[in-house]
Amino acid sequence: MSKLISYSFCLVVAALVAYAFSPRHELADRQVQLNLARLQINDLVQFDDRVIAVGERGTIIVSDDKGDSWRQTHGDAELPVTLTGVNWLGGSELLAVGHDAVLMHSADAGETWEVLMQDDELGEPLLGTWSADGQRIFAYGSFGKFLSSADQGRSWQERELDIHGEHLNDLDGDGERLQIMVGEMGLVLRSEDHGESWERIEPFYRGSLFGVAYMGNAVWVTYGMRGHVFVSKDDGMNWTQVDIAHRLPLYGHARDDSGLVIVGTGGAYVNLSNEGELTDSGYLNGLGTLTSAVVLPDGDLFVAGQSGLLQQDRGYLAVIGQ
């Protein structure tokens with residue numbers, strides 16, 4: 001029951017995208033182009049000049065102009081299933097996952113989508129995918145569901161992990177051999193052989209962990225419930241808590257050359273350097289719950305949240321919404 005409550009809570013706090021904020025256009029104009037006022041968006045991905053967002057009722061929307069306009073490339077007419085994650089594999093290849101163990105592939109940068117897998121009997125969601133090279137791919141989700149593909153997602157094998165059915169919430173890797181996966185009840189799994197085998201790290205926190213990010217030079221960050229943020233400087237063997245100013249759940253992050261920004265409930269945010277040092281934390285006023293973020297090549301930050309899809313200079317987060 002605790003697993004169901006935990007997962008349901010995650011869904012309840014998922015971001016409701018209202019509309020994109022920008023000084024260059026009137027908000028009403030954007031609402032006419034695509035009405036996002038009641039659309040729940042659960043994940044974002046950015047590559048080249050494109051931003052893609054996925055959410056409820058199979059919705060996938062695309063922007064090629066830094067968020068000035070959006071168009072829908074997939075919706076409930078094709079597949080009325082909530083999508084929880086989207087991942088760019090390189091080139092024009094993308095994967096999206098969602099409820100009913102849905103796994104979808106696009107070979108044209110998100111213009112069209114093909115369903116690779118679906119299990120509408122159990123209804124258990126996949127929560128994300130990860131790949132270092134676009135060929136070997138891992139998919140993970142609720143109740144310990146873990147899949148791998150060695151052929152760019154064309155076929156999948158279910159994998160058994162030595163866990164107790166905890167939700168698997170996020171996975172990241174160094175692009176070489178090491179991968180770390182985090183989940184419910186403080187679960188941290190570590191692989192040193194490209195995901196062939198996984199060892200459980202001794203728990204250092206008993207709450208759910210919702211995200212993990214590799215910062216380089218053996219530095220990793222994980223975060224989750226009640227504003228908990230932890231940093232490892234030895235490739236995930238030992239973790240130290242970062243003392244931040246709030247105790248609100250943190251759900252998503254964006255990474256670029258300057259460091260990491262983590263976002264969460266009540267507009268809470270945390271900035272960390274590449275060395276895992278705290279540089280700032282606070283609230284993005286008036287934005288409600290934030291669950292996902294991407295950084296554009298020009299440094300602008302996009303965050304999916306209850307008050308819309310926000311675009312702002314990342315270097316000046318503290319004044320957003322004031």
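A few points about this structure:
- Qualifying GluC sites (Glu not before Pro) for the stretch 85-165 [loop in DSSP, other Cβ within 10 Å: at most 16]: GLU111, GLU121, GLU160
- At full extension, GLN118 and ARG159 could sit 13.1 nm farther apart than now, given 0.36 nm per residue minus the alpha carbon distance.
- Test item: Cα-centred dipole of the stretch 46-94, Lys/Arg +1 and Asp/Glu -1 on Cβ, debye: 100 debye
- Net charge over other residues, Cβ less than 14 angstrom from the Cβ of THR291 (K, R count +1; D, E count -1): -3
- Between the stretch 53-104 and the stretch 225-291, the Cα center-to-center distance that results, in Å: 26 Å
- In this structure TRP239 has an accessible area near 30 Å², from a 1.4 Å probe over the protein heavy atoms.
- Relative contact order (%) - the stretch 242-305, alpha-carbon pairs under 8 angstrom, separation at least six: 29 percent
- The accessible-area ordering, largest first, of the residues LEU260, LEU89 stands as LEU89, LEU260, per a 1.4 angstrom probe.
- Rg of the Cα atoms in the stretch 69-221, relative to 2.2 N^0.38 Å, amounts to 1.04.
- Distance between the pseudo-spin-label points of ASP76 and ALA218 (7 Å out from Cα toward the beta carbon): 5.2 nm.
- Linear extension gain, GLU277 paired with SER92, 0.36 nm per residue minus alpha-carbon span: 63.1 nm
- Karplus-derived 3J(HN,Hα) values for the stretch 267-273, using 6.51 cos²θ - 1.76 cosθ + 1.60 with θ = phi - 60°, are x, 5, 9, 9, 10, 10, 7 Hz; glycine and proline are entered as x.
- Summed over all non-identical Cα pairs, the Kirkwood treatment of the stretch 51-131 gives a radius of 12.5 Å.
The values are calculated or read from the model by the stated rules, or taken from the named source; none is laboratory data. The model shown is predicted, which means the values in this text are computed figures rather than measured ones. When we count neighbours, we look across all protein chains shown, and the Cβ atoms used for this are built from the backbone with ideal geometry, even at glycine. For the accessible areas, the whole protein counts, side chains as well, though only heavy atoms, and no ligand, DNA or RNA atoms are used. Shrake-Rupley method; radii C 1.70, N 1.55, O 1.52, S 1.80 Å.
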